[in-house]
Amino acid sequence: MERYLSIEQAGMIFETRNGAFTALRDINLEIHKGEFVTLIGHSGCGKSTLLNLIAGLTDPTSGYLFLSGRQIAGPGPDRGVVFQNHSLLPWLTCFENIHLAVERVFAATESKAQLRERTARALDLVGLASASEKRPHEISGGMKQRVGIARALAMEPKVLLMDEPFGALDALTRARLQDELMRIVTATGSTVVMVTHDVDEAVLLADRVVMMTNGPAATIGEILSVDLPRPRERLAMASDPRYLAARKAVLEFLYQKQLKAA
Amino acid sequence: MTASITAAPAPLETSPEKPAASSVVPHTAAPTRNAAAEQAAANLRIAVRRRREIAARIAAPVLGLLVFLTIWFAVSQMGSIPGPAKTWEAAKIVFSDPFYKNGPNDQGIGWKIGGSLSRVGMGFGLAALVGIPLGFMIGRFLFMRNMAEPVISLLRPVSPLAWLPIGLLVFKGADPAAIWTIFISSIWPMVINTAVGVQRIPQDYLNVARVLNLSEWKVFSKILFPAVLPYMLTGVRLAIGVAWLVIVAAEMLTGGVGLGFWVWDEWNNLKVENIIIAIFVIGIIGLLLEYSLLLIAKRWQYD
């Protein structure tokens, strides 16, 4: 498979008041087109920092990141980001929130009608066509997160970056959105990098689970390939030995090899 | 684990607009009749309680005003201050012809209010024109903030009327001097609140702007401006309040057609009931200004 997103020897040192703080070191990772990768690790292991590096929101202090052959320099609409707290603009309707992104990417090449059409399709994709004219405070947390996903996907990004997108949701809503995300990603063939702290989420969604060592100076500890056929049925997975083995491997990494005093 | 578990929540209570005991209860069979009666009773209880709440909410302010009138009446019995009745009679005369004009200094109450409001409008409008962009810049650029901070800290606590002589000196006229005084005293709340609003824009919104790589104009129109608007409107409301406080005092000193000079004029004429009328007019207009700006601010609240 072609090299799509590649991270080479990336490191991140923050300058703090108490001196330099090494958040990440020696990160090397190749992600293929259409692959779903989850990043998991204890809190403070720098997994969000790594995601921000890919997003271009922060620049690495060492190493390089490439996306389809070009070095990542600053954020751009070729990387759709879904933030943990949805980050919808409260003064815009769901439609307008997505349209803002659509406009940015496609206004140069498409007509106004086509832009609106794209926006409507993105809302439809996440099943929120009916909430189009609602403002974020009028819809539930799960719906907001879905609008956030729709906004990111509507830009047709090369990579979809998700920073604990379902972390703030209750367990039932989270499960439903995970199923929906799997359906959407299958339908769109998106490449996804998702930060999570949920073992089940990491294994269920991913083609590969990237496990990170504890910070400071965190790096990639292990990478687990999850060779489960898609579509994955949540209930069937619960008793699938391959799923359970993968889950156990991640748990062992987190709670034996990288045990962290709470 | 899947969607099927999350059933729609059962309705907790029927809406009060739909009394269940109405004649339109088709299709549903006998067992519901009892429930309908119970619900009607509950709705009635709710209605009674709500009516009591409304009565209490009206009664308290009315009582407060009555206490105020009583105290006013008692004070007036002691001599120099005219009581409510005498003031009311005087008010009827004042408001009977609000737009008369007998020369430059003797004009109806309507002109006086108009004069004061237009000075406030001018001074305040200029202050908004200068103060809000200034606030944006101070909020956005640290260097600007550090530059402006000592000057603002120094000038803000200055009593508004201290600026009046400067205005008279520079502008060589009573009206521009009053407007200048309004300008300089009402600009600070707008500068400061706008700057604070800009600084408090959640990083998330700015990250959205960065991720989408929006143009500077889009960042301003879709993110900065709407995010700062509530803070800005608070500043505007405070500024209007200050401006209205200051105009009366400024007009006392500068003269001309306006509520402030009217108060001073009637003091010289010893028509105290007109001073009291002026106080009420000033209070009511201040209240209306404040209230209308609150309404506008509410329109721009997002959650």
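The values are calculated or read from the model by the stated rules, or taken from the named source; none is laboratory data. Source: prediction; values computed, not measured. In this analysis, Cβ positions are derived from the backbone assuming ideal geometry, glycine residues included, and neighbour counts consider all displayed protein chains.
Listed by first and then second residue, the pairs linking a residue in segment A:123-144 that is within 10 Å of residue A:94 (Cβ to Cβ) and assigned to a helix (DSSP H, G or I) to a residue that is among the hydroxyl-bearing types (Ser, Thr, Tyr) and modelled with pLDDT of 90 or more, with Cβ atoms under 8 Å apart and 6 or more places separating them unless they lie on different chains, are A:123/A:132. Against the test of being within 14 Å of chain B (Cβ to nearest Cβ) and assigned to a loop (DSSP other than H, G, I, E, B), the options A:175, A:152, A:168 yield a single qualifying residue, A:168.
The set of residues in segment A:157-190 that are without any contact (Cβ under 8 Å) to a residue 60 or more places away in the chain and of a type in the set (Gly, Ala, Ser) comprises A:171, A:175. Each residue in segment B:265-285 was checked for being surrounded by fewer than 17 Cβ atoms within 10 Å (Cβ to Cβ) and either in a helix (DSSP H, G or I) or under 17 Å from the mean Cα position of the chain (by Cα) (or both), and 8 of them qualify.
Applying the selection to segment A:42-73, what residues are assigned to a loop (DSSP other than H, G, I, E, B), of a type in the set (Gly, Ala, Ser) and touching a Lys or Arg at 6+ places or on another chain (Cβ under 8 Å)?
Of all residues in segment A:42-73, those assigned to a loop (DSSP other than H, G, I, E, B) come to A:42-46, A:56-61, A:68-69, A:72-73.
Of the ones still in play, those that are also of a type in the set (Gly, Ala, Ser) are A:43-44, A:46, A:56, A:68-69, A:73.
Of everything in segment A:42-73, those that are assigned to a loop (DSSP other than H, G, I, E, B), of a type in the set (Gly, Ala, Ser) and touching a Lys or Arg at 6+ places or on another chain (Cβ under 8 Å) turn out to be A:56, A:68, A:69.
Here is a check on your reading of the model: is residue B:296 within 24 Å of the chain's Cα centre (by Cα), among the aliphatic types (A, V, I, L, M) and over 20 Å from residue B:187 (Cα atoms)? It is false that residue B:296 is within 24 Å of the chain's Cα centre (by Cα), among the aliphatic types (A, V, I, L, M) and over 20 Å from residue B:187 (Cα atoms).
Give me the residue from segment A:77-95 that is part of a loop (DSSP other than H, G, I, E, B) and in contact with a strand residue (DSSP E or B) (Cβ under 9 Å, 6 or more places away or on another chain) and, out of that set, nearest to the other protein chains (Cβ to nearest Cβ).
In the first step, residues of segment A:77-95 are kept if they are part of a loop (DSSP other than H, G, I, E, B); the result is A:77-78, A:83-93.
When the remaining residues are screened for being in contact with a strand residue (DSSP E or B) (Cβ under 9 Å, 6 or more places away or on another chain), the result is A:78, A:83-84, A:87.
Values: A:78: 9, A:83: 6, A:84: 9, A:87: 4 Å.
In this case the residue turns out to be A:87.
Tally up the residues in segment B:99-113 that are under 25 Å from the mean Cα position of the chain (by Cα) and free of Cβ contacts under 8 Å to residues at least 40 places away in the same chain, please.
Just the residues of segment B:99-113 that are under 25 Å from the mean Cα position of the chain (by Cα), to begin with: B:109-113.
From the residues that got through so far, the ones that are free of Cβ contacts under 8 Å to residues at least 40 places away in the same chain too are B:110.
Counting residues in segment B:99-113 that are under 25 Å from the mean Cα position of the chain (by Cα) and free of Cβ contacts under 8 Å to residues at least 40 places away in the same chain gives 1.
Rundown of residues vs (1) assigned to a helix (DSSP H, G or I); (2) more than 10 Å from chain A (Cβ to nearest Cβ); (3) surrounded by fewer than 18 Cβ atoms within 10 Å (Cβ to Cβ); (4) at pLDDT 90 or above, yes/no style:
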position: B:196; (1), (2), (3), (4): yes, yes, yes, yes
position: B:204; (1), (2), (3), (4): yes, no, yes, no
position: B:231; (1), (2), (3), (4): yes, yes, no, yes
position: B:238; (1), (2), (3), (4): yes, yes, no, yes
position: B:241; (1), (2), (3), (4): yes, yes, yes, yes
position: B:246; (1), (2), (3), (4): yes, yes, no, yes
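Suppose we filter segment A:96-114 for residues that are more than 14 Å from chain B (Cβ to nearest Cβ) and either hydrophobic (A, V, I, L, M, F, W, C) or in contact with a His (Cβ under 8 Å, 6 or more places away or on another chain) (or both); how many remain? Matching residues across segment A:96-114 total 1.
Among residues that are at pLDDT below 90 and in the same structural domain as residue B:158 (by TED's automatic domain parsing), residue B:263 is not included.
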